[in-house]
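For reference, the structure discussed in these notes is given below.
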Amino acid sequence: MSRNELRVLSAGAVKSGVAQVCQEFERATGTRVTVEFNTAPELRQRIAAGDAADVVVAPPAAMDEFLKQGKIDAGSRGFVGRSRMGVVVHANAPSPDVSDTAAFRRALAAASAVVHNTASSGIYSAKLLEKLGLDKALGAKIVVVDSGSAVMQTVADKGPGAIGLAQISEVMVMIDKGCAVKLAAPLPDEIQNMTSYDAAALSAAPAAARDLAARLASEAAKKVFAATGIS
C-alpha cells in the first residue's frame, strides 16, 4: 500500500459519517482513504489476525481489546459518537405502537417476522427478546442476518408485518438508498440501547493515521455524525 494512502476499518453503524469525514480528509490532505465496513465481531477477528489497516472505528469494548493486544495507539483514541436503536417496518406498513415496553412487546408478538443482525445491536436484540420472554414465543419468526443493511433489506423483502431492530443511523442510510422501509420509532427509553464508537490509529500506522483518527473524533466531525443519526 502506498504511504500516501490510508486504510480504515469501521463498524457499519457509523458508515455514513465515517465516509463523509474520510472524504473531507482526503480532499484536504491529498491522502487517499479507503474504508471497509464490518460488524464489531468481524473487526475483532480482523484486527486480532493482524489486518494491515491504519485506522479503526469500533465500540469501546472492542477498542479495549485492541489496546490490550497492543494493536492501537492509545494516545490517538477518541470518542466519535453514540448510536441509538430503532424499530423498522416496511415503507407501506402502519407504524406500530412501541411507546413503552409493554407496547413494544405486543408489537413484536404480533409481527410476522422479527429481524436482527449479528453485530453489537443484534447481540443486544437477542438478549432483549430473551429478557422479554419473546425468544421462545416468537420461535421461527426470529430472523437473524449478518449486517444492519441486511436487516432493512429483509424487512423490505418480507413486506408489511415484519419488524426489524437496528441502529437508527443504519436505517437512515438504507432509506437514503431507496430501501422500502421506514423508522417506526426509537426503542422505548427504558429498553433503549446506545452503542458508543471510538476511533484510533493502529500502532504501526503512519502519522497521517493519527491525524485522521483525530479528525474523526473532532468537534467538526461530530456535526457531520449528528446529521447521520450519531450523537
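The values are calculated or read from the model by the stated rules, or taken from the named source; none is laboratory data. What you see is a predicted model, and the numbers here were worked out from it, not measured in a lab. FYI the Cβ positions are ideal-geometry reconstructions off the backbone, even for glycines, and counts take in every protein chain you see. Just the protein is used for accessible areas: all its heavy atoms, side chains included, with ligands, DNA and RNA removed. Shrake-Rupley method; radii C 1.70, N 1.55, O 1.52, S 1.80 Å.
This table checks each residue for (1) open to solvent by 20 Å² or more (accessible area, probe 1.4 Å); (2) within 19 Å of LEU67 (Cβ to Cβ); (3) out of contact with any Ser or Thr (no Cβ under 8 Å at 6 or more places or on another chain); (4) of a type in the set (S, T, N, Q).
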position	(1), (2), (3), (4)
ILE168	yes, no, no, no
LYS177	yes, no, yes, no
GLU190	yes, no, no, no
ASP198	no, yes, yes, no
ALA205	no, yes, yes, no
ALA214	yes, yes, no, no
SER218	yes, no, yes, yes
ALA221	no, no, yes, no
THR228	no, no, no, yes
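Quick one: would you say GLU36 is farther than 19 Å from SER169 by Cβ, at pLDDT 95 or above and open to solvent by 60 Å² or more (accessible area, probe 1.4 Å)? No.
Report yes if some residue within region 56-69 is closer than 29 Å to GLY178 by Cβ and among the β-branched types (Val, Ile, Thr); otherwise report no. Within region 56-69 (the criterion being closer than 29 Å to GLY178 by Cβ and among the β-branched types (Val, Ile, Thr)), the answer is yes, since at least one residue qualifies. Filtering region 113-157 to residues that are of a type in the set (Ser, Thr, Tyr) and either modelled with pLDDT of 95 or more or within 20 Å of ALA184 (Cα to Cα) (or both) leaves SER121, TYR124, SER125, SER147, SER149, THR154.
Checking the structure you have, find out if any residue of region 121-136 is charged (D, E, K, R), under 15 Å from the mean Cα position of the chain (by Cα) and open to solvent by less than 70 Å² (accessible area, probe 1.4 Å). No: region 121-136 contains no residue that is charged (D, E, K, R), under 15 Å from the mean Cα position of the chain (by Cα) and open to solvent by less than 70 Å² (accessible area, probe 1.4 Å). Say whether the condition of being open to solvent by 60 Å² or more (accessible area, probe 1.4 Å), in contact with a strand residue (DSSP E or B) (Cβ under 8 Å, 6 or more places away or on another chain), within 16 Å of ALA93 (Cα to Cα) and among the β-branched types (Val, Ile, Thr) is met by at least one residue in region 142-165. Taking every residue of region 142-165 in turn, none turns out to be open to solvent by 60 Å² or more (accessible area, probe 1.4 Å), in contact with a strand residue (DSSP E or B) (Cβ under 8 Å, 6 or more places away or on another chain), within 16 Å of ALA93 (Cα to Cα) and among the β-branched types (Val, Ile, Thr). Scanning region 61-118 for residues that are part of a strand (DSSP E or B) and open to solvent by 30 Å² or more (accessible area, probe 1.4 Å) yields PHE79, ARG82, ARG84.
Scan region 42-59 for residues that are closer than 21 Å to LYS15 by Cα and either open to solvent by 40 Å² or more (accessible area, probe 1.4 Å) or touching a Gly at 6+ places or on another chain (Cβ under 6 Å) (or both) and the total you get is 5. Of all residues in region 203-231, those that are among the aliphatic types (A, V, I, L, M) have Cβ atoms under 6 Å from Cβ atoms of residues that are part of a loop (DSSP other than H, G, I, E, B) and open to solvent by less than 70 Å² (accessible area, probe 1.4 Å), 6 or more apart or on another chain, in ALA205/ASP54; ALA208/THR31; ALA209/ASP54.
Every residue, every condition in (1) assigned to a loop (DSSP other than H, G, I, E, B); (2) within 19 Å of VAL35 (Cα to Cα), yes or no:
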{"position": "MET152", "(1), (2)": "no, no"}
{"position": "GLY178", "(1), (2)": "yes, no"}
{"position": "ASP198", "(1), (2)": "no, yes"}
{"position": "ALA209", "(1), (2)": "no, yes"}
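Within region 132-152, residues that are free of Cβ contacts under 8 Å to residues at least 12 places away in the same chain reach partners that are open to solvent by less than 30 Å² (accessible area, probe 1.4 Å) with beta carbons closer than 9 Å, at six or more positions or on different chains, in the pairs ASP135/LEU129.
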